[in-house]
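**Q** After the structure tokens below, expect a handful of questions from me.
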Amino acid sequence: MTWLRQLDAQLRALVPFATALIAVLIDAAPLVGAGPSGLNSFVTLCAVYFWSLYRPDLFTPTATFVTGLVYDGLAGLPLGLSSLVFLLVRNLMVVQQRYFLARSFPVIWFCFLLLAPAVEAARWLLSCLWWGHLFAIQPALLELLATIALYPAASWLLGRIHNQTPRLIHAS
């Protein structure tokens, strides 16, 4: 029975990483009838923000980095661009975790409202520098608005997953 408990604990420890990868797949999935000017969101940022705040012990820097690499690979971005941005988000959330955990959802969402534009601006700027081309800002702004609007639903869903996953006493 001991090895089954260890396997169970290890699988539960992968929940944040698995949900972040599902978010990447949602972001990468083409929207039906969207066309080139379709509205996208950045669900992966919601997952990275949430898990970095509530379970940084399980959503490790390695998981964060790999999430960014997978995102970049599927989105056709330079490998490492999203990893860099996600690691910065994770670091900020871990450093400020004590402040955030004592706050209500509106405060956490407001902080997401402040962080998301910085993330989107960094992604846009790094992409422009990488390709040596000034891209239109309107798609990035629309993605930002969709992401901010989506955060409460994403947070609610991730919170339900988090609450349904029992705390691990020892995951090794």
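**Q** Looking at L92 and the list (1) farther than 15 Å from E143 by Cβ; (2) under 12 Å from the mean Cα position of the chain (by Cα), which single condition is not satisfied?
**A** L92 satisfies every listed condition except (2).
Let's see how each residue does on (1) touching a residue at least 40 places away in the same chain (Cβ under 8 Å); (2) within 14 Å of the chain's Cα centre (by Cα):
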residue: L115; (1), (2): yes, yes
residue: W124; (1), (2): no, no
residue: S127; (1), (2): yes, no
residue: W130; (1), (2): yes, no
residue: H133; (1), (2): no, no
residue: L141; (1), (2): no, no
residue: Y151; (1), (2): yes, yes
residue: R160; (1), (2): no, no
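**Q** Being modelled with pLDDT of 90 or more, more than 11 Å from the chain's Cα centre (by Cα) and more than 17 Å from L115 (Cα to Cα) narrows it down to one residue among L69, L84; which is it?
**A** L69
**Q** Tell me the helices (runs of 4 or more DSSP H) entirely within region 55-172 that contain at least 1 residues that are within 24 Å of A29 (Cβ to Cβ) and in contact with a Gly (Cβ under 8 Å, 6 or more places away or on another chain).
**A** Because the criterion is at least 1 residues that are within 24 Å of A29 (Cβ to Cβ) and in contact with a Gly (Cβ under 8 Å, 6 or more places away or on another chain), the helices (runs of 4 or more DSSP H) in region 55-172 that meet it are 61-75, 81-95.
**Q** Could you grab the pairs with beta carbons closer than 7 Å, sequence gap of 6+ or different chains, first residue in region 5-20 and over 17 Å from Y49 (Cβ atoms), second one surrounded by 12 or more Cβ atoms within 10 Å (Cβ to Cβ) and modelled with pLDDT of 80 or more?
**A** A13/L58
**Q** On the given criteria, is F50 buried (at least 18 other Cβ atoms within 10 Å of the Cβ), in a loop (DSSP other than H, G, I, E, B) and among the aromatic types (F, W, Y)? Walk me through how you get there before you give the answer.
**A** Numbers: buried (at least 18 other Cβ atoms within 10 Å of the Cβ): yes; in a loop (DSSP other than H, G, I, E, B): no; among the aromatic types (F, W, Y): yes.
No: the conditions fail for F50.
**Q** Something else now. Please determine whether any residue of region 84-100 is in contact with a Pro (Cβ under 6 Å, 6 or more places away or on another chain), surrounded by 12 or more Cβ atoms within 10 Å (Cβ to Cβ), under 24 Å from T62 (Cα atoms) and not polar (S, T, N, Q).
**A** Step one: filter region 84-100 for residues in contact with a Pro (Cβ under 6 Å, 6 or more places away or on another chain), giving 94.
Cutting the leftovers down to surrounded by 12 or more Cβ atoms within 10 Å (Cβ to Cβ) gives us 94.
Keeping just the survivors that are under 24 Å from T62 (Cα atoms) gives 94.
Then keep just the ones that are not polar (S, T, N, Q); that gives 94.
Within region 84-100, one or more residues are in contact with a Pro (Cβ under 6 Å, 6 or more places away or on another chain), surrounded by 12 or more Cβ atoms within 10 Å (Cβ to Cβ), under 24 Å from T62 (Cα atoms) and not polar (S, T, N, Q).
**Q** Within the set of pairs 6+ apart or on separate chains, which have a first residue in region 94-110 that is among the hydrophobic types (A, V, I, L, M, F, W, C), a second that is at pLDDT below 90, and C-beta atoms under 8 Å apart?
**A** Short answer, once both residue conditions are applied: V107/F100; I108/F100.
**Q** Has region 135-147 got any residue that is touching a Cys at 6+ places or on another chain (Cβ under 7 Å) and farther than 23 Å from A23 by Cα?
**A** Yes: one or more hits.
**Q** If you don't mind, another one. List the pairs whose first member sits in region 46-64 and is closer than 20 Å to L150 by Cβ, whose second member is outside any helix (DSSP H, G or I) and of a type in the set (A, V, I, L, M, F, W, C), and whose Cβ atoms are under 7 Å apart, counting only residues at least 6 apart or on separate chains?
**A** Within 7 Å, the pairs are W51/F59; S52/F59.
The values are calculated or read from the model by the stated rules, or taken from the named source; none is laboratory data. Note that the coordinates shown come from a computational prediction; the quantities given were computed from them, not determined experimentally. Neighbour counts run over all protein chains shown; Cβ positions are idealised from the backbone, glycine included.
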